[in-house]
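Enquirer: The structure under discussion is supplied below as C-alpha cells; questions concerning it will follow.
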Amino acid sequence: MKILGYILLGVLGALVLCLLAALIRTLLIPKKKTNFHLSDDNERIDVYAEKLSEMVKAETISSRNDPTIEKFRDFHKLMEKLFPKVFNACEKVDIDGNLLLKWKGRSSKDPILLMSHMDVVEANGEWKYHPFSGAIAEGKVWGRGSADTKCSLMAFFQAAEELITEGYIPACDVYLASSCTEEIGGTGAPKLANWLKERGVKLFMLCDEGGSIIQKPVGGVPGHFAAVGIFEKGYGDVKFIARSKGGHASTPGKNTPIPRLAKFVAAVEKKSPFRREFSPAVNEMFARIAPYSESFGLKLVMGNLWLFRPLLKKVMPMISAQAAAMLQTTIAFTMQSGSQGYNVLPQEASVCANMRFIPHQGTDESLEIITKLAEKYGLETEVIYRGYPSASLDLDGEAFAIVQNTINKVFPGVGVLPYVVTGGTDARFYGEVCDSCVRFSPVNFGPEQMAGMHGINENIEAGCLPIAVDYYKEIVKVQAER
C-alpha cells in the first residue's frame, strides 16, 4: 500500500508541476488584439464595385445536367471588356470555357498562378436584391458569386490591369486562371492543370480560394484573422445499401432494410469511428490563436497543447464544428431511399453520405473503416467517388513566408492563421504542377458573407475590394525580390 501511495503522490506531484508550468507559460503569453479596417478610398471602391457588379450580372451557373459552355465564353468577353490591357498583353487559352492567361515575365523560372472560379451555384429562394442584379447597396455588392468567388477573380485581374498600365513587367511568368466547373467538381481545373503539365510548366506557387479574412475563428477569440488554407481534405461520396426480400408492411419482420440503415446511422452519429489527431497546421493555428483569447482558461488550454491536447480532442466538437472537422475524417448522411409505397417493405433501401478524408487516416483507410462498420449491420458499401487529401503547404517554406509577409503588409494588425480547408477547391487538381498551393482569398468574410455563400443574399463588402487588389499586386511584385 505504501508503494501505491508513493506512486499516487508521484503522479499527483508531476501533475501539479505540469499545471504550474502551464500557468507560468500562459502568463508569459503576450496579450494581442487584431486591427482591421475596410478601405475608405471611395474612388477605387466605386470603380471596383462597378466591375464586380458587371461580373455578377453575368449568370454563370454550372450544372452537371447542362454542358453548355457558351455563357462562360460570353463571360470571357465581358472580362475582356473590363480588363482590356490584360487580354492585350497576355496569351489567352480557352479550354472548353475554362480560361487561362499567360502574362509573360522577364524569366520563365518559378512562375506563379492566380486563380478563382467563374462558375456559381443556383440562386433559389427570396433575395433582398435579385441574385443576378449585381446591386451595389448598403456598402456591398450583392448577388450570386459576389463572394464565391468573382470578388477575388476581379481583384487579381484588376491588379494585373493596373500593373500592365504602369508598364510593369513581372520577374516571372504569371498565369491567371478561372475554371467554369468548380462548383460541380468538374473537369475544368484538371484540363487547365494538364495544359501546364504538357508544356513542362512547374509553378513555384499557386494562389486559390479556400481561406479569407474571417472573424472570431473560435468562440472566445474576437477579431479579424487571415485564415490561410495549407491543405484540403479528400472528398468522397458513398452509398450504403440494405437488401431484403421485401414483403407486406402488415407483417414486418426484424431488421428490415430501413431499421438496419437507421441503426448504422445512429451508431456513426453517436460515436465517430474516425480518429482525431492534431496536424502541424492545427497545432500552429491554436498556438497563434492563444494570445488573442479573451478568457485566461482558453488561453491556458490553447497555449499549452502539450498538456491539454487529449482534453481538446474530446471537447472540440462542442467548441466548434468547423475546428472539429480539421481533426478527423468526417461523414455526413445526405440522401436516402426506400420503397415507393407506405405499405411495402423495401427490397432495397439506401442512405448516401459525403465524406471528407483527413491525411492521418486517409481515403483508403477511412473507407475501409466505414465499410467494416456497415458490414456489422448487414449493409453493402458502394464508393461513388473517392478523392485524396492534398499535399500540405510547408509552414517553414518560402511560399508560406511570402503570403504571411504580404498579409502583414497589406492587412497590418490582422492575425495570420494556417488552417485545414474542410471544403473543396480547384487547387487540389494542380498537385502535379505545383508543390506550394496557397488557399487564401484576400477579402473579408464576416458572418453575413459566410451565411450568403451557397445561400440567399450573397454579398461582399465593397470596402474590402481595394485591399484585395493591393494584395495581388504585392504577390506579383514580391517575386522580383526572391
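The values are calculated or read from the model by the stated rules, or taken from the named source; none is laboratory data. All values reported here derive from a predicted model rather than from experimental measurement. Neighbour counts run over all protein chains shown; Cβ positions are idealised from the backbone, glycine included. Side chains included, ligands, DNA and RNA excluded: accessible areas come from the protein's heavy atoms. Shrake-Rupley method; radii C 1.70, N 1.55, O 1.52, S 1.80 Å.
Enquirer: Got at least one residue in the range 400-423 being under 14 Å from the mean Cα position of the chain (by Cα) and in a helix (DSSP H, G or I)?
Expert: Looking for residues that are under 14 Å from the mean Cα position of the chain (by Cα) and in a helix (DSSP H, G or I), one finds none in the range 400-423, hence no.
Enquirer: Is it fair to say Leu153 is surrounded by fewer than 24 Cβ atoms within 10 Å (Cβ to Cβ), out of contact with any helix residue (DSSP H, G or I) (no Cβ under 6 Å at 6 or more places or on another chain) and not charged (D, E, K, R)?
Expert: Considered against the rule, which asks whether it is surrounded by fewer than 24 Cβ atoms within 10 Å (Cβ to Cβ), out of contact with any helix residue (DSSP H, G or I) (no Cβ under 6 Å at 6 or more places or on another chain) and not charged (D, E, K, R), Leu153 comes out as no.
Enquirer: Hey, another quick one. What number goes with the only condition from (1) part of a strand (DSSP E or B); (2) over 20 Å from the mean Cα position of the chain (by Cα); (3) among the charged types (D, E, K, R) that Arg356 does not pass?
Expert: (2)
Enquirer: Checking the condition more than 22 Å from Ser53 (Cα to Cα), part of a loop (DSSP other than H, G, I, E, B) and of a type outside the set (Val, Ile, Thr), which residue from Gly167, Gly145 passes?
Expert: Only one candidate passes the filter, namely Gly167.
Enquirer: Tell me which helices (runs of 4 or more DSSP H) are completely within the range 189-303 and hold 1 or more residues being open to solvent by less than 50 Å² (accessible area, probe 1.4 Å) and more than 29 Å from Pro389 (Cβ to Cβ), or say none if there are none.
Expert: In the range 189-303, 257-270, 296-302 are the helices (runs of 4 or more DSSP H) which contain 1 or more residues that are open to solvent by less than 50 Å² (accessible area, probe 1.4 Å) and more than 29 Å from Pro389 (Cβ to Cβ).
Enquirer: To continue, here is another question. From Glu54, Glu43, Glu70, Glu80, grab the single residue that is open to solvent by 30 Å² or more (accessible area, probe 1.4 Å) and under 26 Å from the mean Cα position of the chain (by Cα).
Expert: Glu54
Enquirer: What pairs come out if I take residues in the range 273-288 that are under 23 Å from Phe400 (Cα atoms) and among the polar types (S, T, N, Q) and pair them with residues that are in a helix (DSSP H, G or I) and open to solvent by less than 60 Å² (accessible area, probe 1.4 Å) whose C-beta lies under 8 Å away, six or more apart or interchain?
Expert: Every condition considered, the pairs that remain are Ser279/His360; Asn283/Leu305.
Enquirer: Would you say Ala349 is under 23 Å from Arg275 (Cα atoms) and in contact (Cβ under 8 Å) with a residue 12 or more places away in the chain?
Expert: no
Enquirer: Now for a different question. Just the residues that are touching a residue at least 40 places away in the same chain (Cβ under 8 Å) and farther than 20 Å from Glu209 by Cα, please, taken from the range 143-167.
Expert: Matches in the range 143-167: Glu161, Glu162, Leu163, Ile164, Thr165.
Enquirer: Could I ask something else about it? Which pairs turn up if I take residues in the range 75-88 that are over 17 Å from Ser179 (Cβ atoms) and at pLDDT 95 or above and look for partners that are open to solvent by less than 20 Å² (accessible area, probe 1.4 Å) and of a type in the set (Gly, Ala, Ser) with beta carbon separation below 9 Å, at least 6 apart in sequence or on another chain?
Expert: Phe83/Ala160; Lys85/Ala160; Val86/Ala160
Enquirer: Would you confirm whether or not the range 79-86 contains a residue that is part of a loop (DSSP other than H, G, I, E, B) and under 30 Å from Arg482 (Cα atoms)?
Expert: Yes - at least one qualifying residue is present in the range 79-86.
Enquirer: Evaluate the following for Glu161: is it assigned to a helix (DSSP H, G or I) and open to solvent by 10 Å² or more (accessible area, probe 1.4 Å)?
Expert: When the stated conditions are applied, Glu161 passes them.
Enquirer: Let me ask another. Which one is nearest to Ile241 (Cα to Cα) among residues in the range 366-398 that are open to solvent by 80 Å² or more (accessible area, probe 1.4 Å) and assigned to a helix (DSSP H, G or I)?
Expert: Checking each candidate, the answer is Glu375.
Enquirer: Looking at Arg309, is it surrounded by 15 or more Cβ atoms within 10 Å (Cβ to Cβ), touching a Phe, Trp or Tyr at 6+ places or on another chain (Cβ under 7 Å), modelled with pLDDT of 95 or more and of a type in the set (D, E, K, R)?
Expert: Here the answer is no, as Arg309 does not meet what is asked.
Enquirer: What number of residues within the range 444-465 satisfy the criterion of being modelled with pLDDT of 95 or more and surrounded by fewer than 22 Cβ atoms within 10 Å (Cβ to Cβ)?
Expert: 3
Enquirer: If you take the residues in the range 120-141 that are aliphatic (A, V, I, L, M), outside any loop (DSSP other than H, G, I, E, B) and out of contact with any Leu (no Cβ under 9 Å at 6 or more places or on another chain), which one is surrounded by the fewest Cβ atoms within 10 Å (Cβ to Cβ)?
Expert: Result: Ala137.
Enquirer: Can you tell me how many residues in the range 312-329 are crowded, with 18+ Cβ neighbours inside 10 Å and hydroxyl-bearing (Ser, Thr, Tyr)?
Expert: So the count comes out to 1.
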